[in-house]
Amino acid sequence: MLLTVAKYLWASPNTCLGIAIGWTLGGQFRIVHGVVEIHGLRVAAALNRLWMPAMAITLGHCVLGQTIAGLDVTRRHEAVHVRQYERWGPLFIPAYLAAWAGLQMTGRDGYRDNPFEIEAYRDEGRSWPSE
C-alpha cells in the first residue's frame with residue numbers, strides 16, 4: 001500500500017499536468033485501472049498537432065487519447081509508460097526528450113529507437129510500432 005502511494009506521488013507532477021491539459025481542453029474523464037483517461041474532440045486535435053501525431057499520450061497516471069476506442073487500443077502500451085513514470089517520476093519527460101534528441105542527433109529515429117518506446121512496444125507484445 002505504501003509503495004503504491006509513493007508511486008502515485010512520485011508521478012503526480014506529470015499526472016497533474018495531464019489532468020490540467022485534459023480539463024483545459026474540455027475532455028471527458030474516466031478512471032481505468034487506477035489511471036485517469038481523458039478523451040474528446042479538442043484532445044484529439046491537440047494530439048494531432050504534436051511533432052508526431054499520436055493516438056494517445058501518457059503523463060504520469062493520466063492518458064490523453066483521441067477517442068475511447070483509441071484508448072482501448074493503446075491501453076497496454078500506455079500502461080508501460082505509466083510504469084515508467086512510476087520509476088522516473090518528474091525526471092521522465094526530460095529523460096524521454098533527452099533520449100529522443102540524442103537519437104535524432106546521431107541520425108537514428110527518436111521514436112522507434114527510443115528505449116522508452118522499445119520497452120513499451122516489447123511489453124505490449126509487439127516489437128515495433130505499427131505503420
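Where a number appears in this text, it was derived from the coordinates with a stated rule and is not lab data. What you see is a predicted model; the values in this text were computed from it and never measured. Glycine also receives a Cβ, built like all others from the backbone with ideal geometry; neighbour counts cover every protein chain displayed.
Listed values, structure above:
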quantity: DSSP bridge pairs, the chain: antiparallel proportion in percent, nearest 5; calculated: 70 percent
quantity: Cα→Cβ-extended label distance, 7 Å offset, between Ala95 and Arg112, nm; calculated: 2.5 nm
quantity: Rel. contact order, % - alpha carbon contacts under 8 angstrom, at least six apart, region 1-109; calculated: 26 percent
quantity: Residue with peak Gaussian network fluctuation, the chain [Cα springs, cutoff 10 Å], from Gln66, Gln84, Gln104; calculated: Gln104
quantity: Over the chain: Rg over Rh, Cα atoms, Kirkwood Rh; calculated: 0.95
quantity: Top of His81, His61, His33 by mean-square fluctuation, Gaussian network on the chain, Cα under 10 Å; calculated: His33
quantity: Among Arg49, Arg76, Arg87: highest mean-square fluctuation, GNM of the chain, C-alpha pairs under 10 Å; calculated: Arg49
quantity: Computed lengthening from Val32 to Leu2, 0.36 nm per intervening residue step minus Cα-Cα distance; calculated: 8.7 nm
